[in-house]
Amino acid sequence: MTTSAIKWWQKAVVYQIYPRSFQDSNGDGIGDLKGIQERLSYVSKLGADVIWLNPIYQSPNKDNGYDISDYQAINPEFGTMQDFDDLLAAAHARDIKIVMDLVVNHSSDQHKWFIESRSSKDNDKRDFYIWRNPVDGHEPNNWSSFFSGSAWKFDEKSGQYYLHLFVEGQPDLNWKNDELRDQVYQMMNWWVDKGIDGFRMDVISMISKPDGLPDAPLPAGNTYANPVSLTANGPHVHEYLREMRQKVLNNADLMTVGETSGVDIEHAQKYAGIDGSELNMVFQFEHMGLDDNPNPALGKWDNQPVSLVKLKDNLSKWQTELEGNSWNSLYWDNHDQPRIVSRFGNDSAEYREVSAKMLATLLHFMQGTPYIFQGEELGMTNAYNLGWDDFDDIEIINGRKFIVDKEKLVDNDTMLDYVHYKGRDNARTPMQWTAGKNAGFTDGTPWLKLNDNFETINVTAALADDNSVFYHYQKLIQLRHDLDLITTGHYELIDPADDQVYTYKRIGDDQELLIINNFTDQDLERDYPVPADAQLLISNYQDDLGLKLRPYEAKAYLYNR
Ligand code: NOJ
């Protein structure tokens with residue numbers, strides 16, 4: 001890849017804000033748009049170019065905003081449309097772009113389309129959703145919802161079932177319907193005309209369902225089957241995205257990222273192809289599934305460490321296979337994942353900071369557009385102090401109902417362990433700004449309990465410490481901006497079978513980078529050929545012992561070829 005061909009979003013770093021948990025400005029315990037505006041200087045200080053906002057639209061909040069009842073209205077909990085316009089203007093004044101969440105695989109069951117659709121079989125919006133007759137008095141197929149239980153809800157009034165791949169309050173939209181697609185594009189253009197800078201597209205890989213909606217392979221002993229292999233990358237998905245590109249995305253210089261659950265390399269190359277016919281980039285999930293439970297019925301619920309060799313193998317595959325033809329997103333954390341330092345790092349007092357910096361270094365020298373989820377830049381950890389009465393997330397609540405109470409796959413304590421390791425609420429606890437009341441997040445009662453480590457892990461402390469995780473992230477962002485090689489270089493993995501150290505190169509015409517990451521709490525030694533005049537660009541220790549590596553040591557060298 002040549003420097004002249006770099007697009008702005010290929011050199012950008014994205015900061016993800018979960019508005020509900022970022023900053024409350026009115027004391028109701030829920031973060032809001034004004035709160036985000038107050039904190040823009042923090043995002044500027046970090047150096048991020050783009051903010052991705054999780055959904056802020058009107059919603060009954062069955063799935064925290066991912067069930068939208070009006071795509072063109074702001075949820076009053078977050079403020080008003082004026083507040084949004086103010087935030088957008090204030091962000092642009094700082095040269096920060098704003099990317100919106102687009103949730104159009106499903107709407108809320110309170111959306112006017114669904115209210116009409118469910119009102120009768122011959123309503124003209126009936127076909128905006130996926131309705132089917134019962135089969136032998138049962139659901140039309142064996143698909144499970146991604147949040148447990150059946151993916152079908154029976155509607156007494158019409159005697160038919162509707163499909164909801166997520167919770168009941170999230171009926172799936174029928175993308176086969178031309179008028180539905182048209183309405184979605186009109187709504188997107190309305191946001192584009194407002195001046196937003198792009199879209200993160202929620203489970204966009206799922207919008208085209210397979211013809212005939214066949215049963216999915218059923219694991220032994222299970223009632224319902226995970227349908228991801230059938231619902232992801234369906235027969236018309238690329239056609240729909242090409243249409244969206246023509247009708248909306250080409251109307252401005254936008255950044256688009258598809259959340260593409262179930263994506264493989266072949267489909268990613270189409271979604272994110274550099275020919276620009278669909279999206280700019282995708283979120284792939286394979287590296288987030290490497291520590292899944294071996295029992296498919298338990299899915300993500302487990303507490304086992306990841307295998308470094310598998311992680312290298314997977315990330316390297318994505319680096320290599322997308323190079324030159326499509327574009328990666330790079331992420332560890334988001335609002336659906338636990339905190340990375342607690343998952344792939346070490347969140348003990350001794351190693352939290354150094355391992356958080358190591359994970360950041362490992363990811364931020366790769367090819368792709370990096371995403372930082374709020375608090376990741378502080379090394380925020382999983383929230384072990386939350387108990388069953390504290391959780392809010394529907395995935396956790398339904399997961400316990402089905403896995404523990406109904407299917408009895410594990411006991412309550414084991415499930416709690418799994419939730420502390422993998423649950424989404426680990427990411428969603430309020431942002432930790434200060435060591436004071438409610439970590440400076442709210443004057444009221446926070447909607448979700450705070451992580452009780454906020455007195456030590458918070459923004460004030462991080463900004464006061466030159467050596468903090470925050471400044472490490474700041475430096476990584478600066479390096480990406482300054483050094484095109486991080487965007488363009490060819491990726492090469494060193495020692496794939498080394499199960500302790502993750503080392504790779506980024507190779508350019510005249511220079512190369514060597515990035516070394518000790519994934520363990522051990523002192524180690526390696527023998528990579530590092531030229532004597534190599535420049536140390538960044539490290540998470542104060543001094544450099546060359547190839548003697550201390551616990552979780554991470555560093556990057558730059559040298560001429
Ligand atoms: C993916 C989103 O990131 C997640 O938070 C949400 O629950 C599902 N899609 C359903 O919209």
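Among Phe146, Phe285, rank each residue by its count of other Cβ atoms within 10 Å, from fewest to most, as a rough exposure measure.
Fewest-to-most Cβ neighbours within 10 Å comes out as Phe285, Phe146.
So what is the relative contact order for the chain, in percent, with contacts set as C-alpha pairs under 8 Å and at least six apart?
Taking the mean separation of contacting Cα pairs over the length of the chain, I get 14 percent.
Which semi-axes, in whole Å and largest first, does the equivalent ellipsoid of region 112-200 have when worked out from the alpha carbon gyration tensor as the square roots of 5 times its eigenvalues?
28, 16, 10
Report D for region 490-560 in µm² per second (integer): Stokes-Einstein, Kirkwood Rh on Cα pairs, 4 °C, 1.567 mPa s.
105
Could you sort the peptides 159-166, 49-56 by per-residue average Cβ neighbour count (10 Å cutoff), highest mean leading?
Values: 159-166: 21.6, 49-56: 23.5.
Those peptides, ordered most packed to least, come out 49-56, 159-166.
Out of the GluC sites (Glu not before Pro) in region 127-184, which ones are loop residues according to DSSP with at most 14 other C-beta atoms within 10 Å?
Glu156
May I ask you to sort Val404, Val257 by Cβ crowding, counting other Cβ atoms within 10 Å and putting the fewest first?
Listing Val404, Val257 from fewest to most nearby Cβ atoms yields Val404, Val257.
Across 5 Å bins from the origin, how do the percents of Cα pairs in region 289-372 run, short distances first?
With 5 Å bins starting at 0, P(r) equals 3, 13, 19, 24, 21, 12, 6, 1, 0.
Can you tell me what percent of all Cα-Cα pairs in the chain are more than 40 Å apart?
More than 40 Å apart: 22 percent of the Cα pairs in the chain.
Among the GluC sites (Glu not before Pro) within region 340-397, which fall in a DSSP loop and have no more than 12 other Cβ atoms within 10 Å of their own Cβ?
Hits after loop and neighbour filter: Glu350.
Over region 112-163, with a single point scatterer placed on each C-alpha, what log10 of the ratio I(q)/I(0) does the Debye formula yield at q = 0.20, 0.23, 0.24 1/Å?
Log10 of I(q)/I(0), two decimals: -0.68, -0.85, -0.90.
Given the pairs Lys153/Lys406; Lys270/Lys401; Lys11/Lys62; Lys300/Lys475; Lys209/Lys408, which are separated by over 27 angstrom at their Cα positions? Could the numbers behind the result be given before it?
Numbers: Lys153/Lys406 18 Å; Lys270/Lys401 38 Å; Lys11/Lys62 36 Å; Lys300/Lys475 33 Å; Lys209/Lys408 31 Å.
Long pairs (Cα-Cα over 27 Å): Lys270/Lys401; Lys11/Lys62; Lys300/Lys475; Lys209/Lys408.
So, with +1 on the Cβ of K and R and -1 on the Cβ of D and E, and no other charges, what is the size of the charge dipole of region 1-97 about its Cα centre, to the nearest 20 debye?
It comes to approximately 560 debye.
If you filter region 137-210 for trypsin sites (Lys or Arg not before Pro), then keep DSSP loop positions with at most 13 other Cβ within 10 Å, what is left?
For trypsin sites (Lys or Arg not before Pro) across region 137-210 that sit outside H, G, I, E and B with at most 13 neighbouring Cβ atoms in 10 Å, the list reads Lys157.
Charges on Cβ only, +1 for Lys and Arg, -1 for Asp and Glu, centred on the Cα centroid of the chain; of Leu359, Pro496, Ser261, which one is farthest towards the dipole's positive end?
Highest projection toward the positive end goes to Ser261.
May I ask what percent, to the nearest 5, of DSSP beta bridges between residues of the chain are antiparallel?
Looking only at bridges with both residues in the chain, the antiparallel portion is about 60 percent.
Enter the angle in degrees (range 0 to 90, nearest 10) between the Cα long axis of helix 412-422 and the first principal axis of the Cα atoms of the chain, meaning the one along which they spread out most.
That works out to roughly 60 degrees.
Each reported figure results from applying straightforward, stated rules to the coordinates on display, with no laboratory input. Not measured: the values here are computed from a predicted model. In this analysis, Cβ positions are derived from the backbone assuming ideal geometry, glycine residues included, and neighbour counts consider all displayed protein chains.
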